[in-house]
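Enquirer: One structure, as structure tokens, below. Some questions next.
The values are calculated or read from the model by the stated rules, or taken from the named source; none is laboratory data. Worth saying up front: this structure is predicted, and the values here are computed from it rather than measured. FYI the Cβ positions are ideal-geometry reconstructions off the backbone, even for glycines, and counts take in every protein chain you see.
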Amino acid sequence: MTEFFEFARTYLPVLLEGTALTLQMWAWCILGGTVFGLLLALGRVYGNRPIYALSTGYVELFRGTPMLVQVLFVYFGLPEIGILLSPIAAASIALAMNTAAYQAEYFRGAIQSIETGQVEAARALGMTQIQVISNIILPQALRMVIPQWSNEPILLLKYSSIAFVIGVPELMARAQMIGYSTFRFFDAFLLAALIYLILTTALAQGLDRLERKVRVPTMQIQR
Amino acid sequence: MSLLRVEDVHKSYDDLMVLRGITFQMDRGEIKVIIGPSGTGKSTLLRCVNGLAYPEKGRIWIDGEEVTDPKTNINHIRSKVGFVFQSFNLFAHLTALDNVAIGPVKVKGMKKSEARLLAMEELRRVGLEDKADAYPAELSGGQQQRVSIARALAMNPKLILFDEPTSALDPELMGEVLKVMMDLAKEGMTMLVVSHEIGFARAVADEILFLDEGKIIEKGHPSELLTNPANKRTKEFLHQIIELYGEEREKV
């Protein structure tokens, strides 16, 4: 046990550097993925035929292919058509595009669960379609979606470890490097796993607090 | 010039012809009550009036603007026409006060502080100023419907359409909503009401329209139409609803 703590004290700084990179990628993915996912959902619900087809096709494509393939494709495949990306950028973009597809489905479900009566009432007041979406539908849908949506930030934090296959020196990659140089894979991966666990637990708590903070009495009632 | 003019309106859903040529007019301050069997197009007619449904034939004017003209800014017309729904349709994420204030803010561009004062005033008018901070789920059906009436009033409408405003309510909650409607009637509000509340119709309606199978079969002042209907179907229908809803609820 003391050996493990000794090991941790030596290599934690290296792992934490990797953790910083992990969190950086994660933040970009969540930001990009949420914005893009919301646009995809709006496209699927309100879009005309071509927009609906495009957004639906996108969602199917990214849910239907392995994340590993997507990451490798963006990093190794895109340069062939002249798009050269750094490993970090490639991993962030691939992961963001992947999470956007899943988030779009969560958002779509929430948007479609808002009663049409409220939409009619808003239209009857004289609101435009865009006003109805931004003032009536999204404030409710976004509140409602938090419990399901919360999966994505948590999954993404863990899935970001996939970036190590294209050489991003994030948490997982560092753990492996330490393993190779010390031949103490058990300790190295255990330490990495603990860091992931601490992060996801904190994240889950934060999301839970967010959910409670924005909750209004009405939303708890399922009609 | 009449405030509302409905001329030969036809509307069908798929193959089902719901309205088959409806024509009537309303002047400012007038109150008309539409009665008739279910599925006979009463709600559809109201929805056509504020453009929530679009008739395939016929024309509708409100305050000189043609609702049925595709070039008309329908949102502008809607801002002048209140609509009270059977199922209230309050915005679930907003307090009673914000439900009432959101129309003036978003549609009329009123300042938030000003709109909230106005909203408070309208809530007082329907007797709910103490519920300003409550969310719809925390209100009874009767209270929700009164908030939805306040929401319509806050837009300072020229006309309010009521689509069976008490049908979704328990009998003991109908009175409070009918009382608010009676008060509005006394204040001179122009109201087009779909309702089977015969007591309300008798007390305040200037005219009752009896709709059946998409047509106005009979119309007249409540004193004639209710006591001495000319048409056989009107007679049968009145007989039915009195059996169904009991005698009149005029205690309000």
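Enquirer: Go through (1) within 30 Å of B:Lys106 (Cα to Cα); (2) in a loop (DSSP other than H, G, I, E, B) for A:Leu85 and report which single condition fails.
Expert: All conditions pass for A:Leu85, except number (1).
Enquirer: Moving to a separate point now. Quick one: how many residues across the stretch B:105-120 are over 22 Å from A:Gly117 (Cβ atoms) and within 11 Å of chain A (Cβ to nearest Cβ)?
Expert: 1
Enquirer: Further question: Any residue at all in the stretch B:58-72 that's at the interface with another protein chain (Cβ under 9 Å from one of its Cβ atoms) and in contact with a helix residue (DSSP H, G or I) (Cβ under 7 Å, 6 or more places away or on another chain)?
Expert: no
Enquirer: In the stretch B:121-140, what count of residues is obtained for those that are more than 12 Å from chain A (Cβ to nearest Cβ) and surrounded by fewer than 17 Cβ atoms within 10 Å (Cβ to Cβ)?
Expert: Here the count works out to 6.
Enquirer: Please specify each residue of the stretch A:44-60 satisfying the condition of being closer than 20 Å to A:Thr116 by Cβ and touching a residue at least 40 places away in the same chain (Cβ under 8 Å).
Expert: A:Arg44, A:Val45, A:Tyr46
Enquirer: Hey, another quick one. What strands (runs of 3 or more DSSP E) lie completely within the stretch B:1-54 and have 1 or more residues being modelled with pLDDT under 95 and hydroxyl-bearing (Ser, Thr, Tyr)?
Expert: Passing ranges, in order: B:4-13.
Enquirer: Please find, within the stretch A:18-49, the residue that is nearest to the chain's Cα centre (by Cα) out of those that are aliphatic (A, V, I, L, M) and within 12 Å of A:Gln103 (Cα to Cα).
Expert: Out of the qualifying residues, it is A:Ile30.
Enquirer: Any idea which of (1) within 14 Å of chain A (Cβ to nearest Cβ); (2) surrounded by 22 or more Cβ atoms within 10 Å (Cβ to Cβ) is the one B:Pro55 doesn't satisfy?
Expert: All conditions pass for B:Pro55, except number (1).
Enquirer: Which of the following residues is surrounded by fewer than 22 Cβ atoms within 10 Å (Cβ to Cβ), in contact (Cβ under 8 Å) with a residue 60 or more places away in the chain and assigned by TED's automatic domain parsing to the domain that holds B:His76: B:Asp212, B:Asp170?
Expert: Sole residue among the options that is surrounded by fewer than 22 Cβ atoms within 10 Å (Cβ to Cβ), in contact (Cβ under 8 Å) with a residue 60 or more places away in the chain and assigned by TED's automatic domain parsing to the domain that holds B:His76: B:Asp212.
Enquirer: Sticking with this one: For the stretch B:1-19, give me the residue count where each residue is surrounded by fewer than 16 Cβ atoms within 10 Å (Cβ to Cβ) and farther than 30 Å from B:Asn156 by Cβ.
Expert: 6
Enquirer: Another question, if that's okay. A:Ala173 is checked against (1) over 17 Å from the mean Cα position of the chain (by Cα); (2) over 19 Å from A:Leu23 (Cα atoms) and fails just one. What number does that condition carry?
Expert: Result: A:Ala173 passes all but (2).
Enquirer: Then there's this: Scan the stretch A:84-101 residue by residue and report those that are of a type in the set (Ser, Thr, Tyr) and touching a Leu at 6+ places or on another chain (Cβ under 8 Å).
Expert: A:Thr99
Enquirer: Still on this model: May I ask you to list the residues in the stretch A:187-220 that are among the polar types (S, T, N, Q), within 14 Å of chain B (Cβ to nearest Cβ) and surrounded by 13 or more Cβ atoms within 10 Å (Cβ to Cβ)?
Expert: A:Thr218
Enquirer: Just to be sure I understand the filter: pairs with C-beta atoms under 9 Å, separated by 6 or more residues or on different chains, first member in the stretch A:108-125 and at positive phi, second member β-branched (Val, Ile, Thr). Which pairs pass?
Expert: Listed pairs, sorted by first residue: none to list.
Enquirer: Related question: Among the residues of the stretch A:95-103, are any part of a helix (DSSP H, G or I), within 14 Å of another protein chain (Cβ to nearest Cβ), among the hydrophobic types (A, V, I, L, M, F, W, C) and buried (at least 20 other Cβ atoms within 10 Å of the Cβ)?
Expert: no
Let's see how each residue does on (1) at pLDDT 95 or above; (2) within 14 Å of chain B (Cβ to nearest Cβ):
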{"residue": "A:Glu115", "(1), (2)": "no, yes"}
{"residue": "A:Met127", "(1), (2)": "yes, yes"}
{"residue": "A:Pro147", "(1), (2)": "no, no"}
{"residue": "A:Phe185", "(1), (2)": "no, no"}
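Enquirer: Next question, about the same structure. Quickly run through the stretch B:22-34 and pick out the residues that are surrounded by 14 or more Cβ atoms within 10 Å (Cβ to Cβ) and either in contact (Cβ under 8 Å) with a residue 24 or more places away in the chain or not assigned by TED's automatic domain parsing to the domain that holds B:Ile216 (or both).
Expert: Matches in the stretch B:22-34: B:Ile22, B:Phe24, B:Met26, B:Arg28, B:Glu30, B:Ile31, B:Lys32, B:Val33, B:Ile34.
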